[in-house]
Structures are given as structure tokens and as C-alpha cells.
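Notes to accompany the following structure.
Rule-based calculations on the coordinates, nothing more; no lab input. Since the model is a prediction, treat every value here as computed from it, not as a measurement. Here the Cβ is made from the backbone with ideal geometry for all residues, glycine too, and neighbour counts use every protein chain on show.
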Amino acid sequence: MAHALGVAPERLTMALGDEIGAAQQAAFDAALAARVAHQPVAQITGRRRFWTHEFRVTRDTLDPRPETELLVAAALEEPFARVIDLGTGTGCILLSLL
């Protein structure tokens, strides 16, 4: 709902009393239909918080999983000189490590 209304999630309760416009209602309905079709929330909103950053997510990228942050934490426990991040994701592992 925060995404459809264009407000930060932590400000949503402050916007609940506001009237919803047709465009906002259409955006909410589209997001709800996408979620009912099992589309990940990050793909619907186009964003995912990961580690200390926010990444753009589309249907063309893998949605960074929260448990992958454990991989980043473990990798940061030891110094490293090289990193390889292969895949079709957002690049969140590599960018978080750097």
C-alpha cells in the first residue's frame, strides 16, 4: 500500500486517513493482483533492502534473499583481495562486500 500511495512504509499510518486517488487505487489493485499471482514483493515495488543498501529489482533479476546477508556477514569476517559474483541477480552480494 505504501508503494501505491508513494509514501515511505514507516509513514503509511499517517497517510491512511487521506483520500486515495484513481491512479493510486489502480496502482494498489495492480500490485495486489501481482502478489496474488505470487510475484515477489520486491519485483512489484522494484526495490529490495539488502545489507545496508537498497537495490533495484526487476523480473530480469533474482530477488536478493534475506538469508544471503548471512553470506555477506561471513565473507566480511576475513580479509579478501578478490571476489567473484556470478549470476543474474542485482549484484547485491558483490556491492555489499565492496
Item to check | In degrees, nearest ten, helix 22-36 long axis to first principal axis of the chain (Cα) | outcome: 50
Checklist outcome for this item: Per-residue ellipticity at 222 nm attributable to helices in the chain (runs of n ≥ 4 DSSP H, -39500 (n - 2.57) apiece, nearest 500 deg cm²/dmol) works out to -10500 deg cm²/dmol
Checklist entry - Which of the trypsin sites (Lys or Arg not before Pro) found in region 31-98 are loop residues per DSSP with 10 or fewer other Cβ atoms within 10 Å of their Cβ? => result R59, R82
Checklist entry - Tally Lys and Arg at +1 and Asp and Glu at -1 over the other residues with C-beta under 14 Å from the C-beta of Q25: what net charge comes out? => result -3
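Figure the gain on full extension for A30 and R65 (residue separation times 0.36 nm, minus the Cα-Cα span) and round it to one decimal in nm. Intermediate results must be reported in sequence, preceding the final value.
On the way: separation 35, 0.36 × 35 = 12.60 nm, distance 2.35 nm.
Residue separation times 0.36 nm, minus the Cα-Cα distance, leaves 10.2 nm.
Tell me, what is a quarter of the convex hull surface for the C-alpha atoms of region 7-98, in nm² with one decimal? Could the numbers behind the result be given before it?
Details: hull surface 30.2 nm².
Approximately 7.6 nm², given one-decimal rounding.
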Checklist entry - For the pair Q39 and R11, how long in nm is the line joining their label points, each one 7 Å along Cα→Cβ? => result 2.5
Item to check | Low-density loop cleavage sites - chymotrypsin sites (Phe, Trp or Tyr not before Pro) in region 17-98, where at most 15 other Cβ are within 10 Å (DSSP) | outcome: F80
Item to check | Cα→Cβ-extended label distance, 7 Å offset, between E78 and L94, nm | outcome: 2.2
